[in-house]
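Below is one structure, written out as structure tokens, with a few remarks after it.
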Amino acid sequence: MKKLVFLLVVFFNTTVYAQKQEINWQEITPGIWEAVIGNPEEIDLLRIAEIQPRTDALQKLGKLPFPDFLKTSSADINDNKTYLRFPLQKEEQLFGLGLNFKTVQQRGTIKNLHVDHYNGQDDGRTHAPIPFYVSDKGYGILINSARYLTVYAGTSVRADSKDFPSERNRNDPKAGWEAQPYSDAVEILVPAIGVKVYVFVGKTPLEVVQRYNLFNGGGTLPPKWGLGFTHRTPTLFTDKQVLKEVAAFETKGYPLSFVGLEPGWQSTSYPNSFVWDKTRFPQPQQFLSELRKKNIRVNLWINPYTGSKSPVYDQIRPYTSSHTVWMGLVPDFTLKPAQELYKKLFTSEHLKMGVSGYKVDEVDGYDNWLWPDVATFPSGIPAEQMRQVYGLKFQKMVDSWFRGRNTRTYGLVRASNAGASNLPFVIYNDYYDHRDFITALCNSSFLGVLWTPEARSSKTDEEWLRRMQTVCFSPMAMLNAWADGTKPWTYPAVAEPIKQVMLLRMQLLPYLYTTFAQYHFEGKPPVRAMNLVEGFSFTTKSETVGLNSTDNPYGLALKQDIKDQYMLGDYLLVAPLFAGEKSRKVILPAGKWYDFYTGKLAGAGEVFQITPGMDKIPLFVKDGGIIPLIPPCLKSPANETILPLTVRHYGEKEGSWNLYDDDGETFNYEKGAYTWTRLEVKKDKNGLLKGNALIAKKNNFHYKNIRWEFMTTSK
């Protein structure tokens, strides 16, 4: 009898039965509310990212009320898991829920949010499975959990639903039977007995994203060289081959701001030594100095797994996982000793020599390459949570190393998560679908992460040109030649238009740099999906398709998405073409829009077809748009360089825009060492447009001889 009582006590003490949880929303800063449900875990995404909200900028956005209909949200704890339910309104659209590659609108999808290499399906297994979604109704919801979450984004139908869908007979052709009945809620399963939830509110979806980014510390502001062009050299290149490659870019007139060295720079890789290979790079300090004299930086490929040939192998062993990756030790970077060992090694071997950044590979998946969920870590953090935060934690470490030296970095990473807005990394992967790369570019704008549609190779001249064009209108303009040595001029038939679009990227540096300053100071993402653009009214809809006994036995509707055009900054609409396309449809937001190259009117709030030819990527500018340009240059300008500035104005409207500048290299801007210059266009008494630049202060302003070019009225 005593044994039975003991077993019952153990059973009742270890099982959490269904418990209704009251949700108390507390406003923690204007427009942002927090709810603590149950007992949240010690490890969560925002804690790992060590976010420091930009409360000053959040205050400027002003107060907004909590959405009334979200007050019906509910939470339960059942079976040691948290069940969350958030209501949906009719026709409401949802965006976000991880870095997706196939679709932008996510209502009607199911996600298993899990850090992994993307494998061709928008199922939640992706490089940045951020548990944040944005509604077109002006709010966003973040689930601050480092667990694998399951999200039913408007797919589940509860029996007690207040908006229960009508029952229809599939056997009756007139009944309008639907394979996916209407769902009025987002339901989320969190495998933990508590979680923190945040609601972000905005007058528009863009303002929701702004609040999310500012809550995470504001967006990253890269160094100016990071916005130039980068070329990653073949894996086993030597220092002499890299220098020869760099010289070829200059001789042929192609821009280059930083080069990436792939695994062969190390003495051993897979697993890694993290020290220079003396046969390929006998004098790394001299090699780096020679490139710096040419105003070119160096980025090193790594993955974080320590091989036996590394100087820190024996010291770091006590702070590593029970399992290895490619036979390398997996450090537990939540532990200070592991952090300090890497900081010491990387500082002496890389940063002090002049290395400017890293490409952090293989922190995402697949499952058979990373540690399994049965692995253990010395901190006691479960392997599942470690999988979700490992890339995030490594970004935070690297950022702190460079901050300690008052030097900005800009790198690449394969895995990220919520809280990463302020971290200076761009996501990439080994997947290589051009259309899907642009869809990912659109999706990144909802999530506080950056994505590059890098170019590596192509099957045709046309494909190579189209890939290079889109690369030049992304957060990192990168050619990744690690495997086959492809160069911008590899395809002679398109070498010249590729050179011109690369040079255009360099000319746009003042515009791009200001766009990233907006990301930092205002939270506006540099790339913006059309659903974030004011005046864009296209409604995502479903296309009905017939039954198919093998491919579509339930006649599921196919969603129509706008995923092949986007805004870069406030004024520039990018409408890329893909191999095989001679023409394409462009959807313009409200108001007049003008061709970037000619200044001619393209249309106003309409859908139209264009046939642009091969040489140029289609670009359109909003009426009243202001685009500052510098002369074409082969290197990103250094701090001491002062360049003439041409300011283009498009259309007929008066307008103004604030141009940002600082030293382009340090974190002194965080102490006020920057300048905003107001560029404004007004009509004089004769109705003619006139431009003026109101320069607030001369220091940290790297432009001179400002010339205005009125693209539309001069035609």
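The values are calculated or read from the model by the stated rules, or taken from the named source; none is laboratory data. Given the structure is predicted, the values throughout are model-derived calculations rather than measurements. As a convention, Cβ positions derive from the backbone with ideal geometry for all residues, glycine included, and neighbour counts pool all protein chains shown.
If you scan the stretch 445-483, which residues turn out to be in a loop (DSSP other than H, G, I, E, B) and closer than 17 Å to residue 249 by Cα?
In the first step, residues of the stretch 445-483 are kept if they are in a loop (DSSP other than H, G, I, E, B); the result is 445-449, 452-454, 456-460, 472-476, 481-483.
Correct list: 456, 472, 481, 482.
What pairs can you find where one residue is in the stretch 334-363 and within 17 Å of residue 287 (Cα to Cα) and charged (D, E, K, R), the other is in a loop (DSSP other than H, G, I, E, B) and at pLDDT 95 or above, and their Cβ atoms are less than 6 Å apart, with a gap of 6+ or different chains?
349/275
Considering only the stretch 180-194, state which residues are closer than 19 Å to residue 90 by Cβ and touching a residue at least 40 places away in the same chain (Cβ under 8 Å).
Within the stretch 180-194, the subset closer than 19 Å to residue 90 by Cβ is 180-187.
180, 183, 184, 185, 186, 187, listed by residue number.
So that you can scan it fast, the table gives a plain yes or no per residue for (1) buried (at least 18 other Cβ atoms within 10 Å of the Cβ); (2) of a type outside the set (A, V, I, L, M, F, W, C); (3) in contact with a strand residue (DSSP E or B) (Cβ under 7 Å, 6 or more places away or on another chain); (4) at pLDDT 95 or above:
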residue: 531; (1), (2), (3), (4): yes, yes, yes, yes
residue: 541; (1), (2), (3), (4): no, yes, yes, no
residue: 566; (1), (2), (3), (4): yes, yes, yes, yes
residue: 587; (1), (2), (3), (4): yes, no, yes, yes
residue: 595; (1), (2), (3), (4): yes, yes, yes, yes
residue: 599; (1), (2), (3), (4): yes, yes, no, yes
residue: 602; (1), (2), (3), (4): yes, no, yes, yes
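Quick check on the stretch 359-378. Is at least one of its residues closer than 20 Å to residue 422 by Cα and hydrophobic (A, V, I, L, M, F, W, C)?
Yes; the residues of the stretch 359-378 include at least one that is closer than 20 Å to residue 422 by Cα and hydrophobic (A, V, I, L, M, F, W, C).
Restricting to the stretch 428-447, what's the tally of residues that are free of Cβ contacts under 8 Å to residues at least 40 places away in the same chain and either of a type in the set (A, V, I, L, M) or in contact with a strand residue (DSSP E or B) (Cβ under 9 Å, 6 or more places away or on another chain) (or both)?
Residues of the stretch 428-447 free of Cβ contacts under 8 Å to residues at least 40 places away in the same chain: 432.
Within this subset, residues satisfying the condition of being either of a type in the set (A, V, I, L, M) or in contact with a strand residue (DSSP E or B) (Cβ under 9 Å, 6 or more places away or on another chain) (or both) are none.
Selection size over the stretch 428-447: 0.
How do the strands (runs of 3 or more DSSP E) wholly within the stretch 16-130 filter down when requiring 1 or more residues that are among the hydrophobic types (A, V, I, L, M, F, W, C) and at positive phi: which remain?
Numbers: elements: 19-21, 26-29, 32-38, 74-78, 81-87, 94-96, 109-115.
Output list is empty.
Which of the residues spanning the stretch 202-260 are under 30 Å from residue 537 (Cβ atoms) and basic (Lys, Arg)? Talk me through it step by step, then tell me what you get.
We begin by selecting, within the stretch 202-260, every residue under 30 Å from residue 537 (Cβ atoms); these are 202-216, 218-219.
The answer is 203, 211.
Taking the stated definitions as given, is residue 295 farther than 30 Å from residue 534 by Cα, touching a residue at least 24 places away in the same chain (Cβ under 8 Å) and part of a loop (DSSP other than H, G, I, E, B)? Give the steps one after another, and end with the answer.
Working: farther than 30 Å from residue 534 by Cα: yes; touching a residue at least 24 places away in the same chain (Cβ under 8 Å): yes; part of a loop (DSSP other than H, G, I, E, B): yes.
So residue 295 passes the test.
Every residue in the stretch 660-679 that is closer than 30 Å to residue 712 by Cα, of a type outside the set (Phe, Trp, Tyr) and either touching a residue at least 40 places away in the same chain (Cβ under 8 Å) or not in a strand (DSSP E or B) (or both), please. Before you say what the answer is, go through the steps one by one.
The first filter runs over the stretch 660-679 and keeps only residues closer than 30 Å to residue 712 by Cα, leaving 660-661, 675-679.
Of the ones still in play, those that are also of a type outside the set (Phe, Trp, Tyr) are 661, 675, 677-679.
Selection gives 661, 679.
The rows are residues; the columns are (1) crowded, with 24+ Cβ neighbours inside 10 Å; (2) under 23 Å from residue 216 (Cβ atoms); (3) in contact with a helix residue (DSSP H, G or I) (Cβ under 6 Å, 6 or more places away or on another chain).
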residue: 366; (1), (2), (3): no, no, no
residue: 407; (1), (2), (3): no, yes, no
residue: 416; (1), (2), (3): yes, yes, yes
residue: 432; (1), (2), (3): no, no, no
